[in-house]
Amino acid sequence: MIRYDSRRVITLVIGLLIGLVGCETGGGRILDGRSCSAIEQNINLSDRIGTLNRLADAFEERCYQTVMTHGAKARSEFRHKTFSFLSETTNVFIPEGAFIDYVLESYERGYLSLLLAASYANAQKMEEAKVELRQLDHELFTPLYNYGEDPVNLLLSAVLWERVGEVNEARVDWLRLRDLGMMWKGQQDAVRSFAARHVDRIDDGQAFSEPWQVYGIRRFPELTWDLQFFGSTNGYFSVKAKRDFLPACESETGVRLSTSSWFDKVAIRHHHGYHPLLNVQAWIRLPIGLTYSLIPFAAGAGVMVGGCVLDVAAKGNGGLCQLSVIGGIALMRTAPTVLEGALEPDLRHWEHVPAAFVVTRASKPELEPCLPKLETAVRRLW
């Protein structure tokens with residue numbers, strides 16, 4: 001008869017559990033099924049959009065060291081436009097952006113600086129966080145290939161400045177956000193009012209006991225485009241988001257601000273006043289694309305006529321002619337697809353970013369009126 005020593009069995013079970021935990025965490029901390037090391041291994045700086053997406057994923061999974069290690073390098077390498085006569089000329093004859101490296105938009109440079117600053121702050125490296133926040137100011141005002149202030153980044157910057165204990169620096173961003181609302185269309189009233197209240201709060205020396213919390217809502221929507229030759233004042237592209245952005249919201253404890261201003265930057269990418277080179281290339285590409293689209297049209301017509309002529313010459317029963325007509329029409333129908341492929345604009349952008357942010361001093365998400373129901377994919381960022 002086999003007899004078991006209960007103490008040995010318990011010891012064995014505990015040992016197995018410890019071993020399993022060791023196997024699960026040995027490759028890096030795991031949150032929601034993804035380890036920090038797995039995310040880091042997928043970062044490839046030659047894939048610029050993929051790198052940005054992995055950095056956003058790393059931040060959401062609290063892999064702050066990964067963000068700190070690769071974020072500054074990505075910002076440095078992706079921020080400058082390198083002009084090549086051969087590349088820019090070739091870009092006219094092939095789908096736009098196929099052989100040209102992606103360059104960060106101004107709001108993307110700013111948001112990457114914020115992720116770096118927040119990562120340092122979460123790692124209790126406050127001085128490094130302040131350096132990144134000052135770098136954000138530089139990114140917003142540097143006249144690079146693309147440029148412009150952004151209300152979302154200003155809002156998040158003000159919150160982070162308060163978190164690192166620099167209230168006066170936060171007041172500067174609250175003030176800029178309040179004044180920027182005068183020029184920024186769409187959601188300015190709620191944001192201006194919220195920013196103005198916090199400028200007054202800082203001026204009155206008031207302090208809050210509850211820290212700021214930042215939530216991201218949904219994911220930046222996919223983009224679609226169409227040709228718009230009439231009614232367009234600049235360029236011939238009509239860029240749209242596949243899902244509407246949430247409206248702005250203000251409460252006593254917080255504010256909700258969508259990233260529609262980020263969409264606007266992508267939508268005007270081919271306007272002459274913002275990217276003159278892309279605008280010129282788009283207009284040059286138009287007759288080239290039309291020529292490309294005529295090739296399958298002419299080839300289809302040739303197949304129909306040639307097949308029917310051969311059928312008559314061979315005194316056939318009309319079968320070859322019928323097949324030629326069917327094949328020719330099918331070939332001609334590809335002309336719009338060819339035109340669309342030739343004219344398709346470069347709409348690359350940082351994809352793994354929220355569609356809206358909510359900053360609040362409410363201690364729990366359900367206490368913040370500007371946070372929608374949790375089934376709309378709300379996640380706390382910091």
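The values are calculated or read from the model by the stated rules, or taken from the named source; none is laboratory data. What you see is a predicted model, and the numbers here were worked out from it, not measured in a lab. Because the Cβ atoms are built from the backbone with ideal geometry, glycine has one as well, and the counts that use them run over all protein chains shown.
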Whichever residue in the range 307-317 is modelled with pLDDT of 80 or more and in contact with a helix residue (DSSP H, G or I) (Cβ under 7 Å, 6 or more places away or on another chain) and, among such residues, is surrounded by the fewest Cβ atoms within 10 Å (Cβ to Cβ):
Leu310
Within the range 26-59, take every residue that is of a type in the set (Ser, Thr, Tyr) and either buried (at least 18 other Cβ atoms within 10 Å of the Cβ) or assigned to a strand (DSSP E or B) (or both) and give me the one that is modelled with the lowest pLDDT.
Ser35
Which one is nearest to Leu114 (Cα to Cα), of the residues in the range 60-69 that are outside any helix (DSSP H, G or I) and charged (D, E, K, R)?
Arg62
I'd like to know if the range 172-190 contains one or more residues that are closer than 29 Å to Cys63 by Cβ, in a helix (DSSP H, G or I) and at pLDDT below 95.
yes
If we take the range 268-361, then helices (runs of 4 or more DSSP H) inside it with 1 or more residues that are within 30 Å of Ala241 (Cα to Cα) are 276-313, 335-343
Pairs under 6 Å by beta carbon, first residue on the phi > 0 side of the Ramachandran plot in the range 202-218, partner assigned to a loop (DSSP other than H, G, I, E, B) and among the aliphatic types (A, V, I, L, M), six or more apart or different chains?
Arg218/Ala355; Arg218/Ala377
Verdict on Ala74 being within 25 Å of Ile268 (Cβ to Cβ), small (Gly, Ala, Ser) and part of a helix (DSSP H, G or I)
yes
Scanning the range 75-88 for residues that are modelled with pLDDT of 75 or more and surrounded by fewer than 13 Cβ atoms within 10 Å (Cβ to Cβ), the one farthest from Gln281 (Cα to Cα) turns out to be Ser76
Heads up, the strands (runs of 3 or more DSSP E) in the range 209-258 (entirely inside) with at least 1 residues that are modelled with pLDDT of 85 or more and touching a Cys at 6+ places or on another chain (Cβ under 8 Å) are 254-258
Suppose we keep only residues that are polar (S, T, N, Q) and modelled with pLDDT of 90 or more within the range 120-163. Which one would you say is farthest from Arg109 (Cα to Cα)?
Gln124
